[in-house]
Amino acid sequence: MLYTLCHKDIRVFNFEVNNGEIQSVKEIFAEDHIPVGLFTSEDKVKDLKSWWKSRSIPENRQGLKEVFNLFPCDTTEQLAFLSYGLSLSDCYWVKSENSTLQWSQVNFFKNDFSDEIGKALFGSLSSLTSLLSPDNTSDGWLRKKWIIDNGERILVKGGSGESQQEPFNEVLASHIAKRLGTDFVDYSVAENSWNYYSLCKTFASENAEFVNAGKICGLKKYSLGLWDKYTHFKDACTIAGIEFDKSTTEKGSIERNLCAMILLDYIIANTDRHFGNFGFLRNPDTLEWISLCPIFDTGSSLFYKESTAQLSDKSVIDSKNILARPFGYKHADQIKLLPIKEYFDSSDIKKLFGIEDFFESLLLKNKRIDALRRTLLCKILRERIDEVFKKF
């Protein structure tokens, strides 16, 4: 069966699928609209398979087993085909070659979608009848679903472990970013029977689609052995036509906004700032780059996986030992790769003084976190802010 990859209503290329498996790439109609970083090797089929897999639900997603119990399916890639590959991150989708469907009829930014996949992922559905949902293309391993609330597209994402601390970390990070005047996705917390979830609106739209940094990095071939990841990223951005020094928003240049993101990650000891959860916004019609995307996905921070006893271990909370991404392996090393001091000197970091009081009031809402863990986390946060002042 032949499918057409579309960018809104622009036909990009045709490809053949048999028994749910991509077999070949046929005619290319709009080369400029090929997804960033898609065809980077001589094997277009392999590249397309990899891109489609990255667009599908990860196989380690919490709740996926419940979905397959209700709707037998061999792979998550097949699930994505059943919802046209539509997402709430960009404007790409697929349809059968002879289909007359148009973007205005199917896109999830404007049209309703089924909440059944989301309910199945959360284990609250006994039968599955509709698969038309952006949940078929959402990434990450934590339990999550998209809902529509008063016309807004809202992502609901759970926590993990006994403390379910991640949703609270998301709210703290957005509050820190707000105090610093940095672009951010605003998070709130919801509770349901002692389970906690973060809620946020989609930051992408029909006029501003998200292109993650990993896709851009793929535009430049990686060097063998060790390499400077930050320089590689900047070089790949140049290939993509992204001007690092250009002031894209009232917040300043791309590099300044990257410094803000990396400094925030340092303060909250974020261990999961990978190349998939930051990137750029692009106009899907003109293909012009708009800005660095707002900061999001900061739940994997402040020692959310460590036990309360471990929070008293100085070796655990020492920045020299805390793993970092995406440009360095440890937080103490990563901040040396960017001009953080220039950003620090021009920002009112003093606005972060006392933020541990906000964090304490926030953690009081989590019935899974006891007084000792709450006290230790607030103490660590205050110490990390003091550490930043000493460094710069």
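The values are calculated or read from the model by the stated rules, or taken from the named source; none is laboratory data. Since we're looking at a predicted model, the values are computed, not measured. Heads up, the Cβs are rebuilt from the backbone with ideal geometry, glycines too, and the neighbour counts pull from every protein chain shown. Only protein heavy atoms, including side chains, enter the accessible area calculation; ligands, DNA and RNA are left aside. Shrake-Rupley method; radii C 1.70, N 1.55, O 1.52, S 1.80 Å.
What the range 225-319 shows is 40 Å² of accessible area per residue, with the surface traced by a 1.4 Å probe over protein heavy atoms.
When you restrict to C-alpha pairs under 8 Å that are six or more residues apart and normalise by the size of the range 239-307, the relative contact order lands at 29 percent.
Each listed q (0.15, 0.16, 0.22, 0.25 Å⁻¹) maps to a log10 I(q)/I(0) for the range 346-392 from the Debye sum over equal C-alpha point scatterers, namely -0.43, -0.48, -0.75, -0.88.
Computed across the range 150-192, the Kirkwood radius stands at 11.6 Å (inverse of mean 1/r, all Cα pairs). Note on the range 282-351: dipole from Cβ charges, positive end direction compared against 328, 315, 286; the farthest Cα belongs to 315. With all pairs of different C-alpha atoms in the average, the Kirkwood value for the hydrodynamic radius of the chain is 22.2 Å. Taking Lys and Arg as +1 and Asp and Glu as -1, the other residues whose beta-carbon sits under 13 Å from that of residue 300 total -2.
Mean residue ellipticity, 222 nm, helices only, the chain: the sum of -39500 (n - 2.57) across DSSP H runs of n ≥ 4, divided by residue count and rounded to 500, is -9000 deg cm²/dmol.
Model label sites at residue 386 and residue 75, defined 7 Å from Cα along the beta-carbon direction, differ in position by 5.4 nm.
For the chain, the carbon plus sulfur part of the accessible surface works out to 48%, probe radius 1.4 Å.
Computed from the mean reciprocal separation of all distinct C-alpha pairs, what Kirkwood hydrodynamic radius does the range 193-237 have, in Å? Here the Kirkwood hydrodynamic radius works out to 13.7 Å.
Distances between placed amide hydrogens fall under 5 Å for residue 24 paired with 16, all partners being 5 or more residues away or on another chain. Counting every pair of alpha carbons in the range 65-194, the share spaced more than 18 Å apart comes to 61 percent. Its Cα gyration tensor gives the range 268-326 an equivalent ellipsoid, and the semi-axes of that ellipsoid, as √(5λ) in whole Å with the largest first, are 34, 10, 7. Over the C-alpha trace of the range 323-378, radius of gyration and Dmax come out as 15.7, 41 angstrom. Surface analysis of the range 1-79 yields an accessible area of 52 Å² per residue, using protein heavy atoms and a 1.4 Å probe. Evaluated over the range 1-123, the count of Lys pairs having alpha-carbon atoms less than 13 Å apart is 4 (only pairs 8 or more residues apart or interchain). Each residue of the range 269-275 is assigned a 3J(HN,Hα), and the resulting list reads 6, 5, 9, 9, 8, 8, 6 Hz, derived from the Karplus form 6.51 cos²θ - 1.76 cosθ + 1.60 (θ = phi - 60°), x at Gly and Pro.
Between residue 290 and 281, 282, 283, the built amide H atoms are under 5 Å apart, and every one of these is 5 or more places off in sequence or on another chain. Look at the alpha carbon pairs under 8 Å that are at least 6 residues apart: their mean separation over the length of the chain gives a relative contact order of 13 percent. Backbone amide hydrogens, once placed in the peptide plane, bring residue 159 within less than 5 Å of 196, excluding anything fewer than 5 places away on its chain. Note on residue 191 and residue 315: the model spin-label points, each 7 Å out from Cα along the C-beta direction, lie 3.7 nm apart. With coordinates expressed along the principal axes, the C-alpha atoms belonging to the range 249-291 extend over 37, 23, 11 Å, beginning with the largest. Treating each Cα of the range 153-231 as an identical point scatterer and summing with the Debye formula, the log10 of I(q)/I(0) at q = 0.17, 0.23, 0.27 Å⁻¹ comes to -0.86, -1.04, -1.19. Counting only lysines at least 8 places from residue 305 when in the same chain, those with an alpha carbon closer than 21 Å to its own are 144, 157, 314, 320, 330, 365, 367, 379. Across the range 272-392, the volume of the C-alpha convex hull divided among the residues equals 148 Å³ per residue. Remark: C-alpha extents of the range 198-328 on the principal axes read 53, 40, 22 Å, sorted largest to smallest. Excluding residues on the same chain fewer than 8 positions from residue 390, give the aspartates and glutamates whose Cα lies under 20 Å from its Cα. Within the straight-line limit of under 20 Å, residue 390 reaches these aspartates and glutamates: 265, 318, 333, 342, 345, 348, 356. Straight-line cross-link reach from residue 341 at under 13 Å between alpha-carbon atoms covers these aspartates and glutamates, not counting any fewer than eight positions away in the same chain: 255. Rounded to the nearest 20 debye, the dipole size of the range 277-392 about its Cα centre is 380 debye, using +1 on the Cβ of Lys and Arg and -1 on the Cβ of Asp and Glu.
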